[in-house]
Amino acid sequence: MNIRKLAWKNLLRRKSRAVFTGLGIFLGIATFVAISSITSQMEGAVQDQLDRFGANIVVSPRAEQLSLGFGNMTLGGTEVTYSRLTMADKERIASIHHKDRIRSIVPFLVTAADASGKNLVWMGLPAADVAGARPWWKIQGGMGLKRGEVLLGAEAAALLDKGAGGTVTAGKRLFRVAGVLQPTGEKEDGMVIADIADVQALAKRPGAVTYFEVAALCKNCPVEQIVAQIGQALPGARVSAIRQVVESRKAAVEQLRRLGFGVSAIVLLIGGLMVLVTVMGGVQERTREIGVLRAVGFRKRSIFSLLFWETGWVSLLSSLLGAGTGIAVAYIASPVFGIEHPSVVFSPAIFGAVAGLSLGLIGAIPPARRAAALSPTEAIRSL
Amino acid sequence: MEPIIHLKDVSMVYGGNGTRTTALAGISFDVLQGEYLVITGESGAGKSTMLTILGGLQVPTEGAVRIGGSDLSALPADGLADFRRKTIGFVFQAYHLLPYLTARENVMVPMSPERVPPREKEERANDLLASVGLAGKEDRLPSQLSGGESQRVAIARALVHDPPVLLADEPTGNLDSATGEQILDLFSGWHGRGKTVLMVTHNKANLSRATRSIRLRDGQVEEDRLLQSFSAEPAAV
């Protein structure tokens, strides 16, 4: 017989109280582990969804602004481009070390050209990539874009007075209007969009590319590394991450994580309070028993230790059970939260079990101190 | 002979906020080692207060208490706990066994905080239970024992550290006369080994085995009477 065994025996005697004491910790840890596991997996899912919603890296030719002047007179400036991008560069981008993180590489060619007698900006991109590169476009009159067809921005359509099914001429070529974009508030509202091969032909620049848009799957991958690798693959190009996109994605995921931690913290706090209240009530009930123990020579420290061990056993068992339940709940509930490939995340379970044990022991300190401080006189009066 | 218990002008006053109750009023007496002292008195005479002071469970508001060479009023809380564990064995009227522990485990409770091998603790408890006639009942819970058997377990628990002084508060109060006699036999046997017994009781039949009696009245010693001679064997304190 020692203090640990005495504590264990007492727990077995007061099963319902022990269960109630452990219930708070169990629920707290199970909730914490489930939310943390789901949040952790949702981060991946949300990141994936966000990554599908447009590019986050732009590759363009390196250029420098040169200002021209004579004496004190400024004659304006010009942009000097050191190199040009071509369709062949797509392969180079696709060959970087982190190629498995790249979801798409879309080449764009932007040029000014005649459109039914008006000088408009033409934007070319592979017809098959329109839906992936600009998933937010809403096209009136159809979705598909094929060679020999164009999409008109809202302002361009108004300027040309054309709609879906109409035609646009460019030099000697005739393009069918496949659809008209609803206003986007962006520059493409005034553009004519066509397959990149058609725009290259129109500009008489076969294989030319103005810039590439790269969409990287960035869950746990530093965009900066991908940017650096593309820069190495294309020394003449300027590669830059669209920070706004990257940061907004990080912020969205961070908010999700904070929500999870916030809810878990509240539940854990309630669990800790339940331990405190239950153990405190137990001390009141056990004044006589504490009196007997004091009478047979238990020191204050031994009484404290007894209460501490009792709560320690309950906290340990309920934390382990809560962590296991949390993992199971997270696994089962994952599909409900859009997680396609649920997995077991152990780190929240380990953290949860340790936190539950700590919380239970911290919650036991005030009642254990109270029990230890109970004067033998007060305790013995109930004998 | 040096007294094992020495009380000098011991007073105990309870209360506050204008309400004061004097439980003991300037009591002085000595108890020699090997005495079997029975303290009697009506309810409210101060018997139980006397016992808790002698047991180091409370400190008197006035006066000095020395037991086995220790000045109880000078001991800190942990010192008093050690004193109770080593010097005093308590036996209560209502046994106060822990209901979720077996007879053996109840006897082992005072040894719980000690770093003694479990086997040693068990052997000590088994020996004590055998000495009070409970061999074979070590694994029974208090609910499976009779009143007399429960009191025997309580006595075994009180003797686990072989204390020189045994304090008993109405140990036969809840027992029939035959069982009470058996319990008193145990006290007599233990007293016969040179130990000191202090018993608080209403029952005048308990006086037959005592060497001395003190009757309290209104917190004072009304009568201090030597009943029979005794032989004091050396007992370690």
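The values are calculated or read from the model by the stated rules, or taken from the named source; none is laboratory data. These figures come from a predicted structure and were not determined experimentally. With ideal geometry, Cβ positions are generated from the backbone for all residues, glycine too; neighbour counts draw on all protein chains shown.
Would you mind stating whether residue A:273 is assigned by TED's automatic domain parsing to the domain that holds residue A:33 and either touching a strand residue (DSSP E or B) at 6+ places or on another chain (Cβ under 9 Å) or without any contact (Cβ under 8 Å) to a residue 40 or more places away in the chain (or both)?
Numbers: assigned by TED's automatic domain parsing to the domain that holds residue A:33: yes; either touching a strand residue (DSSP E or B) at 6+ places or on another chain (Cβ under 9 Å) or without any contact (Cβ under 8 Å) to a residue 40 or more places away in the chain (or both): no.
No; evaluated as a whole, the condition is false for this residue.
Of the residues B:158, B:168, only one is at the interface with chain A (Cβ under 9 Å from one of its Cβ atoms), hydrophobic (A, V, I, L, M, F, W, C), under 28 Å from residue B:5 (Cα atoms) and surrounded by 15 or more Cβ atoms within 10 Å (Cβ to Cβ); which?
Numbers: B:168 fails: at the interface with chain A (Cβ under 9 Å from one of its Cβ atoms).
Answer to the selection: B:158.
Consider the range A:133-144. How many of its residues are surrounded by 14 or more Cβ atoms within 10 Å (Cβ to Cβ) and either within 8 Å of residue A:179 (Cβ to Cβ) or not hydrophobic (A, V, I, L, M, F, W, C) (or both)?
Matching residues across the range A:133-144 total 5.
Given the conditions (1) assigned to a loop (DSSP other than H, G, I, E, B); (2) within 11 Å of another protein chain (Cβ to nearest Cβ); (3) of a type outside the set (A, V, I, L, M), which single one is not true for residue B:122?
Every condition holds for residue B:122 apart from (1).
Considering only residues of the range B:89-109 that are at the interface with chain A (Cβ under 9 Å from one of its Cβ atoms) and among the aromatic types (Phe, Trp, Tyr), which is nearest to the chain's Cα centre (by Cα)?
The residue in question is B:90.
Output the qualifying pairs, or none if there are none: Cβ atoms under 7 angstrom, residues six or more apart or on different chains, first residue in the range A:292-306 and over 23 Å from residue B:165 (Cβ atoms), second residue surrounded by fewer than 23 Cβ atoms within 10 Å (Cβ to Cβ) and basic (Lys, Arg).
Cβ pairs passing all conditions: A:304/A:369.
Looking at B:112, B:73, B:48, can you tell me which residue is more than 12 Å from chain A (Cβ to nearest Cβ) and of a type in the set (Ser, Thr, Tyr)?
Values: B:112 fails: more than 12 Å from chain A (Cβ to nearest Cβ); B:48 fails: more than 12 Å from chain A (Cβ to nearest Cβ).
After applying the criteria, what remains is B:73.
Out of all the residues in the range A:5-17, which are in contact (Cβ under 8 Å) with a residue 40 or more places away in the chain and within 12 Å of chain B (Cβ to nearest Cβ)?
Narrowing the range A:5-17 to residues in contact (Cβ under 8 Å) with a residue 40 or more places away in the chain: A:6-8, A:10-11, A:14, A:17.
Result: A:6, A:7, A:8, A:10, A:11, A:14.
Per-residue answers, yes or no, for (1) surrounded by 18 or more Cβ atoms within 10 Å (Cβ to Cβ); (2) assigned by TED's automatic domain parsing to the domain that holds residue A:372; (3) assigned to a helix (DSSP H, G or I); (4) of a type outside the set (Lys, Arg):
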position	(1), (2), (3), (4)
A:304	yes, yes, yes, yes
A:308	yes, yes, yes, yes
A:316	no, yes, yes, yes
A:322	yes, yes, yes, yes
A:332	no, yes, yes, yes
A:344	no, yes, no, yes
A:348	yes, yes, yes, yes
A:355	yes, yes, yes, yes
A:358	no, yes, yes, yes
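Kindly provide the set of residues from the range A:88-147 that are in a loop (DSSP other than H, G, I, E, B), under 25 Å from the mean Cα position of the chain (by Cα) and free of Cβ contacts under 8 Å to residues at least 60 places away in the same chain, ordered by number. Spell out how you get there, then give the answer.
Initially, the range A:88-147 is screened for residues in a loop (DSSP other than H, G, I, E, B), giving A:88, A:94-98, A:116-117, A:126, A:134-138, A:141-147.
Filter once more, keeping what is under 25 Å from the mean Cα position of the chain (by Cα): A:94, A:96-98, A:134-137.
Once the filter is applied, which keeps residues that are in a loop (DSSP other than H, G, I, E, B), under 25 Å from the mean Cα position of the chain (by Cα) and free of Cβ contacts under 8 Å to residues at least 60 places away in the same chain, the range A:88-147 yields A:94, A:137.
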